[in-house]
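The values are calculated or read from the model by the stated rules, or taken from the named source; none is laboratory data. Bear in mind that the values here come from a model prediction, so they are computed numbers and not experimental data. Positions of Cβ are generated from backbone atoms using ideal geometry, with glycine treated the same way; all protein chains shown enter the neighbour counts.
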Amino acid sequence: MTELLPLVDAVPKVKGKPGRPRFRPDRLLGDRGYDSNPHREQLRDRGITPLIARRNTPNGSGLGVYRYVVERAQSWIHKYRRLKLRFERRDDIHEAFLALACALICHNCLLDPFC
């Protein structure tokens, strides 16, 4: 939760579209772990609409619809033990193994259309 605002501030420019590059998203989806009014206010000050689930409320907001996709992708990456337990000290080597794992995951999804 303490890294929410630095993460939002570190979002790179969106390239490829004509015009002024965008720095921030329009909306931010978050689960109940990010529920705090100061964070909501600071996101609104940055021009971002916070769609963060409230604590102690029933699950009916629709925010959990997209979570499975992210968690599934993380579990596919963590299938490769070298990425789950990081042994490399250098970032470039870890990033190369991450790119290789993503390429293998995409290859497997192309072979199996029901992945």
Within the range 1-22, tally of residues that are modelled with pLDDT under 80 and either within 16 Å of PRO38 (Cα to Cα) or hydrophobic (A, V, I, L, M, F, W, C) (or both): 3
Residue by residue through the range 1-59, note down the ones that are charged (D, E, K, R), assigned to a helix (DSSP H, G or I) and farther than 19 Å from VAL70 by Cα. ASP9, ARG40, GLU41, ARG44, ASP45
Residue within the range 23-32 that is more than 30 Å from HIS107 (Cα to Cα), at pLDDT below 75 and either surrounded by 11 or more Cβ atoms within 10 Å (Cβ to Cβ) or of a type in the set (Ser, Thr, Tyr) (or both) present: yes
